[in-house]
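Notes follow the structure.
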Amino acid sequence: IFGGLKVAPGAIPWQVSLQTRQKNTNQPFRHICGGVLIASCWVLTAGHCIEQRKDMQVVMGSLSLNTEDEHEQTVDVEETIVHQNYRETPSAVYNDIALLKLQGTNGVCANETQFVRTACLPDGQLPDGRECTISGWGATETSDYGSNHLLEANVLLISQEKCSEPQIYGRVLDYTMFCAGHLQGGVDSCQGDSGGPLTCKQNNTNVVYGLVSWGDQCGRKNKPGVYTRVTNYLDWIRSTVQAQSA
Ligand code: 4AZ
């Protein structure tokens, strides 16, 4: 996160860290992406975060990556489901969404606490022009390696029309994504934040409208962050979760 502030304990309890290591080794797991807890055994993340043939785990309730937080819960990933139309081109990433099914017992994976809680899925369209929140452990204005402490920042939703102007992203933008940020630069998501939440407050509940997806570098003027448009995937999310939970 560029231009962010440290997150307070329990402020973003749906934020998870997706971590991988070489299969069947005892190497430490390393953070690769963010994710969003949407049900006890389900995490939403970006399609480009999925590395097949790796061991994967999800850490919930954590603020600091290099120390074990008292309230954190770590669970293995049982299954990864990348959207069937996920595509990466040199200029954009399309349908950048995936579901992680967590390993649990009797349908319980995350234990709900003050520090580990689900985010709500949207039930309507994205509210235009609003201020929303992004968060993650990704690269910052002073560190390409990312932040040890979870950071958050406020961003403004940018209309599709504005963001499709030639000096911004032009024609590569489509309805599976939307832009958010500050066109003057400075406040943005970055590498390592991918898959993490963009939430907006609706009637005092936090709703996940976006997943950090891509952008032309980070924090640059006229190059806002691009987010997977979660409202476009509600049927896919519901049917995938239902089919795999049976
Ligand atoms: C990345 O490389 C990435 N400024 C993520 C977000 C943004 C740019 C790049 C948005 O994963």
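The values are calculated or read from the model by the stated rules, or taken from the named source; none is laboratory data. If you're wondering where the values come from, they're calculated on a predicted model, not measured in any experiment. Cβ coordinates were reconstructed from backbone atoms using ideal geometry, including for glycine residues, and neighbour counts include every protein chain displayed. For accessibility, only protein heavy atoms count, side chains too; no ligands or nucleic acids. Shrake-Rupley method; radii C 1.70, N 1.55, O 1.52, S 1.80 Å.
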Condition check: open to solvent by 60 Å² or more (accessible area, probe 1.4 Å), at pLDDT 95 or above and not charged (D, E, K, R). Does His48 satisfy that? yes
Meets criteria (farther than 21 Å from Gly129 by Cβ and modelled with pLDDT of 95 or more) for Arg229: no
Of the residues in region 20-55, those that are more than 30 Å from Gln184 (Cβ to Cβ), within 16 Å of the ligand (Cβ to nearest atom) and of a type in the set (S, T, N, Q) come to Thr20
Scope region 202-213; condition within 7 Å of the ligand (Cβ to nearest atom) and touching a helix residue (DSSP H, G or I) at 6+ places or on another chain (Cβ under 8 Å); matching residues: Ser213
Quick one: in region 1-21, of everything that is in contact with a Lys or Arg (Cβ under 7 Å, 6 or more places away or on another chain) and within 14 Å of Val77 (Cα to Cα), which residue is surrounded by the fewest Cβ atoms within 10 Å (Cβ to Cβ)? Arg21
Hey, Arg229 more than 13 Å from the ligand (Cβ to nearest atom), under 23 Å from Ser40 (Cβ atoms) and among the basic types (Lys, Arg) or not: no
Restrict the check to region 186-201 and report whether at least one residue is of a type in the set (Val, Ile, Thr), within 15 Å of the ligand (Cβ to nearest atom) and farther than 19 Å from Ala98 by Cα. yes
